1. Scan the range 79-107 for residues that are in contact (Cβ under 8 Å) with a residue 60 or more places away in the chain and over 14 Å from the mean Cα position of the chain (by Cα) and report the count.
2. State which residue pairs qualify: first residue β-branched (Val, Ile, Thr) and inside the range 136-161, second residue surrounded by 11 or more Cβ atoms within 10 Å (Cβ to Cβ) in any location, beta carbons under 6 Å apart, and separation of 6 or more residues or different chains.
3. Kindly provide the set of residues from the range 17-42 that are closer than 16 Å to ILE59 by Cα and either surrounded by 10 or more Cβ atoms within 10 Å (Cβ to Cβ) or β-branched (Val, Ile, Thr) (or both), ordered by number.
4. Kindly indicate the residue of the range 157-174 that is modelled with pLDDT of 75 or more and loosely packed, with under 12 Cβ neighbours inside 10 Å and also nearest to SER136 (Cα to Cα) among those meeting that condition.
Amino acid sequence: MIKSTNHNEYTIIDDLTALTPSGVTALAKLRNHFHIIAAARQIKMTHSSFLSNFQNIEILPLNRIESTEPIMKLSHPLLKRIENIEPYKNHIYDQTNANPLYIKELLERFSKEPVISLEHIRDIRHTAALPEIDMSVPVVIGLSSLMVLRCVGGEFEHDTGAYRLFGSVFLLFALFARSIFNYGKRKFV
């Protein structure tokens, strides 16, 4: 390869994550002849000997404001079919972690829908998105179970005020838990 190419040509390697020892040897020989553009999420320390004169460039995801621009530009043909644009933008940002490729893929998936309602927005997810675990129900049940302290406080003869106070606080929390959790959710990008 070195004899058949010019010095300082570029070569692109898609992924170095599954690099083998023979690949390390080949890259070590090629590093002074080629400009190598490669991508890797991680490389084993035993295979990192060829990295001595590589420049590491980390590509960061877009911030929230920057990500809305491609979302809106790519969604322009879909705007008539989207019922509510703000939850739509918020969902795409959350699902894609502001990765431009993932934004494009998710928008291509949305383009197949005849109408994009709130139900469709919640149902359509990107495969690379982090799974969401709704912990609100266990938290409400856990804190509401502490209402038992009111009853425990009634059974004791002395120092029952603190038990009844904490049990009453958790009772109030249980009464207003749904509105507290709904208020805590993000609504707009």
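1. Summing the residues that are in contact (Cβ under 8 Å) with a residue 60 or more places away in the chain and over 14 Å from the mean Cα position of the chain (by Cα) in the range 79-107 gives 3.
2. Pairs found: VAL140/ALA177; VAL152/TYR163; THR160/GLY153.
3. To start, the set of residues in the range 17-42 that are closer than 16 Å to ILE59 by Cα comprises 37-42.
Listed by number, the residues that qualify are ILE37, ALA38, ALA39, ALA40.
4. Ranking the candidates gives LEU172 first.
The values are calculated or read from the model by the stated rules, or taken from the named source; none is laboratory data. Quick caveat, the model's predicted, so the values are computed rather than measured. All Cβ positions, glycine included, derive from the backbone under ideal geometry; neighbour counts span all protein chains shown.
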